[in-house]
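The values are calculated or read from the model by the stated rules, or taken from the named source; none is laboratory data. Because the structure is predicted, anything quoted here is derived from the model rather than measured. Backbone-built Cβ (ideal geometry, glycine too); neighbour counts: all protein chains shown.
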């Protein structure tokens with residue numbers, strides 16, 4: 001039930017939905033004063049969420065900064081790589097990587113350098129239908145580039161970050177009990193991931209990848225001209241805020 005409700009809430013908190021609702025109400029409402037306020041509100045909300053400067057500053061305040069390689073000392077038994085970065089392309093019969101795949105690329109680099117012994121692919125399907133179980137697809141990709149099967153640990157059941165941690169706990173206790181673990185995920189997602197893994201009793205070093213926020217800029221076009229990509233940043237950010245709060249209320253953190 002929590003999983004389904006979270007998906008419904010994810011739709012309702014999307015900024016573009018708010019703008020659409022305001023515009024629709026502004027068109028349908030007959031009373032002129034209210035119609036005007038609704039249409040003005042839709043323009044204000046549209047401009048706010050399409051402003052790169054604003055979205056970047058909010059994202060910068062939330063993201064955990066990317067990890068520098070010099071911060072990774074010694075060797076780790078398992079790199080825990082959180083999913084949510086691929087889809088299966090049935091037409092081309094191969095896995096397709098999206099934003100967030102830096103999690104896997106950075107883990108592979110650490111593995112090749114000998115700093116990580118095993119790779120735990122921690123992720124099943126994030127859809128309500130349970131389609132696109134990405135763990136096996138990533139495993140096949142790793143096998144195709146020469147990673148030995150003995151160095152790949154698969155957790156294909158989890159649907160969210162809470163389950164990532166819960167299911168990973170059982171695997172880690174059997175694969176590398178009391179080992180040194182490296183938790184790898186995106187900067188915007190790391191706060192929630194850290195909370196879930198700590199709650200599950202998994203003590204890790206965190207390794208943050210693929211940051212979204214960039215350095216502050218004062219270019220006029222960047223500060224004032226709307227940009228469609230700002231919507232994407234806000235959608236990710238609001239999703240994480242709501243997810244963090246709901247996890248806190250549910251006792252997952």
Worksheet entry | Among residues of segment 203-224, those that are more than 20 Å from residue 108 (Cα to Cα) and in contact (Cβ under 8 Å) with a residue 60 or more places away in the chain, counted | 8
Discussion item. I'd like to verify a number: residues in segment 48-57 that are surrounded by fewer than 19 Cβ atoms within 10 Å (Cβ to Cβ) and either in contact with a helix residue (DSSP H, G or I) (Cβ under 6 Å, 6 or more places away or on another chain) or over 19 Å from residue 208 (Cβ atoms) (or both), how many?
Written reply: 3
Worksheet, complete the sentence: Just one listed residue, out of 229, 181, is crowded, with 19+ Cβ neighbours inside 10 Å and under 20 Å from the mean Cα position of the chain (by Cα), and it is 181
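Which residues, taken from segment 213-237, are under 30 Å from residue 198 (Cα atoms), in contact with a helix residue (DSSP H, G or I) (Cβ under 7 Å, 6 or more places away or on another chain) and part of a helix (DSSP H, G or I)? Reasoning before the result, please.
Our first condition is that a residue be under 30 Å from residue 198 (Cα atoms); within segment 213-237, this holds for 213-214, 232-237.
Still in the list and also in contact with a helix residue (DSSP H, G or I) (Cβ under 7 Å, 6 or more places away or on another chain): 213-214, 233-235, 237.
Correct list: 233, 234, 235, 237.
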Worksheet entry | Which listed residue is farther than 25 Å from residue 112 by Cβ and in the same structural domain as residue 114 (by TED's automatic domain parsing), from 180, 159 | 159
Practice prompt. Please identify the pairs in which a residue from segment 25-52 that is at negative phi has its Cβ atom under 7 Å from the Cβ atom of a residue that is part of a loop (DSSP other than H, G, I, E, B), counting only partners at least 6 apart or on another chain.
Written response: 35/29; 38/29; 47/226; 50/226; 50/227; 50/228; 51/226; 52/227
